[in-house]
Amino acid sequence: MLSQVYNEAMLRLVKEYARELRNIDREALVIAIYATTILLFAMFMRRTHFLLPRDSFMERLLVVGTLYGISPFVLLLAFRRAPRDYGIALGNPRVWLKDVFFYYLIFLIILFVAFRFTNLKNVYPLYRRATQGVGYFFLYQLVQLWYMIGWEFFFRGFMLFGLERSFGRMSLLVQAIAFGLAHFKKPQIEAYGAVIAGVFLGLIALRARSFLPCIVLHYLILLTADVMGILL
């Protein structure tokens, strides 16, 4: 008897959710499912050895950066969206350059304190060969820039602007939470900080109506961390 009541209640709940799903914006639903799938794939993907058999770390940056940056265009075409609908626009540089400069100074202070009192100096650069010479360092920066373009488009372009039409400003928190979870393999303090950083990066993108300033800011932060990791 109890089992029958439970099954009936569960069936009613499933039907209610099914009715609600019909009213959910289809594009937002697809973006949420697609973004989750890509994130999980990138997290669990093992290092490949197809392009650079002797350098799997750099190859992974190239592969994952391309996955983040290129694959969302399938949905952009499927839903007949203009590039600017996903934050692919110049925006107003006079506005966002000030934002980038202001937040970079804040993160510069945070980085200095973190490198002074934590073990981050033993973590960066993530590519250890970057410490072995100028050539390795600049090659790493080029690959990292490519990765960062795809990374920022995925979170502050595809997810932020793609979900904004249905979730409003809540899309800011959605992409920030996903952004933080994507740092689960990083040092604990960095993973926690990534959620906060994701909010600020999202605010910059929304203000600029472009994910471009986020590339500039995020890359500058990573470049500074690499330099500090070598010099400090």
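Values quoted throughout were computed directly from the atomic coordinates according to the rules given, and no laboratory measurement underlies them. The structure displayed is predicted, hence computed values, not measured ones. In this analysis, Cβ positions are derived from the backbone assuming ideal geometry, glycine residues included, and neighbour counts consider all displayed protein chains.
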Exposure-ranked with fewest Cβ neighbours within 10 Å first, H218, H183 stand as H183, H218
Please report, largest first and rounded to whole Å, the three semi-axes of the ellipsoid equivalent to the chain, where each semi-axis is the square root of five times an eigenvalue of the C-alpha gyration tensor. 35, 22, 19
At a Förster distance of 22 Å, what's the computed FRET efficiency of R54 paired with L223, Cβ-Cβ distance as r, to 0.05? 0.35
Angle check, please: helix 170-181 long axis (alpha carbons) against the longest principal axis of the chain (alpha carbons), in degrees 0 to 90, nearest 10. 60 degrees
What are the equivalent ellipsoid semi-axes of the stretch 106-232, built from the alpha-carbon gyration tensor (square roots of five times its eigenvalues), in whole angstrom, biggest first? 27, 16, 12
Just to confirm the number: angle between the C-alpha axis of helix 134-152 and the first principal axis of the chain, 0 to 90 degrees, nearest 10? 20 degrees
Just from its helices, what would the mean residue ellipticity at 222 nm be for the chain, if runs of 4 or more DSSP H residues each count -39500 (n - 2.57) and the sum is divided by every residue, rounded to the nearest 500 deg cm²/dmol? -24000 deg cm²/dmol
Candidate aspartates and glutamates for bridging to K121, where Cα separation is under 16 Å - those fewer than 8 sequence places away on the same chain excluded: E190, D226
What FRET efficiency, computed as 1/(1 + (r/R0)^6) with R0 = 45 Å and r the Cβ-Cβ distance, is obtained for I24 and L231, rounded to the nearest 0.05? 0.35
Does anyone have the angle between helix 26-44 and the longest principal axis of the chain? Alpha-carbon axes, 0 to 90°, nearest 10? 50 degrees
For V134 paired with K186, estimate the spin-label separation in nm (one decimal), with each label point 7 Å from Cα along the Cα-to-Cβ line. 2.9 nm
Difference of contour (0.36 nm per residue) and Cα-Cα distance, S71 to N7: 19.0 nm
